[in-house]
Amino acid sequence: MSDNLKPTPIAHKFFTPGVIFLSVLAANGLVFLLGRFLFGLGTITNLDNQHPWGIWIGIDVAAGVALAAGGFTTAALGHIMHKEEYHVIVRPALLTAMLGYTLVAVSVMIDLGRYYYIWHPLIMWNGTSVLFEVGICVIIYLFVLYIEFLPIVTERFIGRVKLPGFLKRFNNAIDKFLRILDKGLNKTMFVFIIAGVVLSCLHQSSLGTLMVIAGPKMHPLWQTPILPLLFLLSAVSVGFPMVIMESIATSKSFGLKPETHILSNLGSMVAPLLGIYLSFKIGDMVIRQTFVYLTTFNTASVMFVIEVVFGIVIPLRMFLSREISKSPTGLFIASMLVIFGVLLNRINNFIVAYTPPYQFHSYFPSIGEISVTLGFVALEILFFRVMVMIFPIVSLPHASALRTKFSIKGV
């Protein structure tokens with residue numbers, strides 16, 4: 001980590017016009033979510049026996065898992081490959097992944113008809129089920145993310161525990177516990193970092209396996225035996241763009257100067273990753289000769305072309321440009337295109353390409369489904385804002401860090 005930068009809680013007002021707008025979106029989503037729990041899935045969704053899953057799985061879960069890949073890609077880069085200069089982006093990426101996977105787990109629960117049985121996979125193992133592997137990996141990885149976040153908590157409060165009133169008798173005991181916890185985590189954290197990378201690779205690819213077994217229910221443009229590999233490659237490709245987007249957006253929101261040099265170096269790694277992903281995607285199409293389906297003008301062909309051109313080809317060219325790599329705006333736009341491409345890929349695979357047998361009507365998400373999805377996105381952004389204002393996550397110039405005073409009362 002750079003000597004003149006130190007992870008520091010950001011002193012900034014919480015409510016802004018943007019935050020108020022996001023709060024409205026979040027509240028609207030929570031209202032519909034309450035209706036789901038009180039009156040059931042059928043009251044606020046367009047799901048039925050023909051279409052048992054919709055955008056809560058296609059976007060909230062499948063896309064959410066992919067877009068949280070910045071956590072394991074930056075962990076591999078900063079800790080396993082020991083690229084010290086990238087440590088300034090590891091903590092924000094970790095927080096994004098932790099919040100993302102938390103909302104993914106909640107999304108899975110709300111999409112279950114009997115949501116109160118979400119714990120069943122923990123004791124009712126089915127080793128032949130792809131969904132079981134995905135579920136167990138996601139659960140374990142979520143715990144790993146929270147463990148990886150614990151050193152940030154201990155750093156924030158060690159020596160600064162100042163509980164008020166009659167609770168102050170526990171200050172010394174809590175501080176001692178935090179120091180013991182921090183010492184133990186320092187010695188064992190490498191185990192959790194490696195486990196996080198391995199678990200991420202497993203369930204990222206297994207989501208593709210889930211769609212492979214759908215067989216002829218999927219459109220040939222997306223149905224391929226290498227779908228698990230494509231899902232993994234796309235997740236790895238979007239990891240760094242998510243970090244770049246999040247870093248620039250955070251800097252803009254809090255009036256900070258973006259770390260353009262670090263983000264530019266990070267962006268230089270995106271083009272090769274996108275190139276590998278595109279090569280496998282096009283190569284698979286040529287080998288299976290599924291390009292013939294592009295000659296027919298329909299929803300599937302149009303969505304596939306948009307996904308490849310705007311989500312892979314254009315940002316690939318942008319990340320190869322030296323001018324764009326030096327521009328925060330250019331990096332942000334290029335990153336957003338990659339994010340859009342992976343998001344659209346998951347929507348295409350889970351919704352557009354999937355055609356249930358004996359389909360009598362097509363699926364389109366209800367207002368309630370859209371509201372809950374937008375509400376979850378808004379909640380993640382709001383939680384991120386709260387966390388960076390409480391915990392030392394974003395790296396600031398060291399002089400600012402020295403002026404920052406910590407206290408429990410100030411949280």
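We did not get these values from a lab; they are worked out from the coordinates using the rules stated. Just so it is clear, the structure is predicted and the values come from calculations on it, not from any experiment. FYI the Cβ positions are ideal-geometry reconstructions off the backbone, even for glycines, and counts take in every protein chain you see.
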Original post:
What number comes out for the charge environment of Ser234, summing +1 per Lys or Arg and -1 per Asp or Glu over other residues with Cβ under 9 Å away?
Top reply: +2
Original post:
Among Ala63, Ala27, Ala334, whose mean-square fluctuation peaks in a Gaussian network model of the chain (Cα, cutoff 10 Å)?
Top reply: Ala27
**OP:** Using a Gaussian network model of the chain whose springs link C-alpha atoms within less than 10 Å, name the residue from Pro357, Pro220, Pro241 with the highest mean-square fluctuation.
**Re:** Pro357
Subject >> Candidate aspartates and glutamates for bridging to Lys281, where Cα separation is under 13 Å - those fewer than 8 sequence places away on the same chain excluded >> reply: Glu307
Original post:
Which Cα, out of Thr355, Leu344, Ile287, lies furthest along the positive dipole direction of the stretch 265-400 (beta carbon charges, K/R +1, D/E -1)?
Top reply: Ile287
Subject >> Cβ-derived FRET efficiency at R0 35 Å, Ser321 paired with Leu122, nearest 0.05 >> reply: 0.15
Original post:
With θ set to phi - 60° and the Karplus curve 6.51 cos²θ - 1.76 cosθ + 1.60, what are the ³J(HN,Hα) couplings of the stretch 293-300 in order, to the nearest whole Hz, using x for Gly and Pro?
Top reply: 6, 6, 6, 9, 7, 8, 4, 4
Original post:
Over the Cα atoms of the stretch 252-402, Rg to Rh with Kirkwood Rh, two decimal places?
Top reply: 1.06
Original post:
Picking from Leu181, Leu232, Leu344, which is most flexible by a Gaussian network model of the chain using Cα springs under 10 Å?
Top reply: Leu181
**OP:** Provide the gained length on full extension for the span Leu150 to Lys13, in nm with one decimal, where the gain is 0.36 nm per separating residue minus the Cα-Cα distance.
**Re:** 46.8 nm
**OP:** Given a cut-off of 30 Å, name the pairs among Lys183/Lys252; Lys83/Lys252; Lys13/Lys162; Lys13/Lys83 whose C-alpha atoms lie farther apart than that in the structure shown.
**Re:** Lys183/Lys252; Lys13/Lys83
**OP:** Can you spot the aspartates and glutamates whose alpha carbon is less than 16 Å from Lys6's alpha carbon? Ignore those fewer than 8 places along the same chain.
**Re:** Glu84, Glu85, Glu155, Glu259
**OP:** Would you kindly state how much longer the chain becomes between Ile367 and Ser279 on full extension, computed as 0.36 nm times their sequence separation minus their alpha carbon distance, in nm to one decimal?
**Re:** 27.9 nm
Subject >> Added length on full extension, which subtracts the Cα-Cα distance from 0.36 nm per residue, Leu131 to Lys168 >> reply: 8.6 nm
**OP:** With a Förster radius of 41 Å, plug the Cβ-Cβ distance of Val286 and Gln359 into 1/(1 + (r/R0)^6) and report the FRET value to the nearest 0.05.
**Re:** 0.85
**OP:** Measure out, as a whole number of angstrom, how far apart the alpha-carbon centroids of the stretch 214-254 and the stretch 95-155 sit.
**Re:** 19 Å
**OP:** Set the Förster distance to 25 Å, then compute FRET efficiency between Asn298 and Asp48 from the Cβ-Cβ distance, nearest 0.05.
**Re:** 0.60
**OP:** List every residue whose amide H lies under 5 Å from the amide H of Lys6, counting only residues 5 or more places away in sequence or on a different chain, with H placed 1.01 Å from N in the peptide plane.
**Re:** Leu396, His398
Subject >> Integer Hz, Karplus 6.51/-1.76/1.60 couplings in order for the stretch 381-396, x for Gly and Pro >> reply: 5, 5, 4, 4, 5, 5, 5, 6, 8, 9, 10, x, 10, 7, 7, 10
**OP:** Starting at the first residue of the stretch 63-77, write each ³J(HN,Hα) from the Karplus equation 6.51 cos²θ - 1.76 cosθ + 1.60 with θ = phi - 60°, in whole Hz, x for Gly and Pro.
**Re:** 6, x, 4, 5, 6, 8, 5, x, x, 7, 5, 6, 5, 5, 6
Subject >> Amide hydrogen neighbours beyond the local backbone of Met218, cut-off 5 Å, H modeled >> reply: Thr355
Original post:
Once you treat every alpha carbon in the chain as an equal point and sum by Debye, what is log10 I(q)/I(0) at q = 0.06, 0.10, 0.13 Å⁻¹?
Top reply: -0.26, -0.73, -1.22
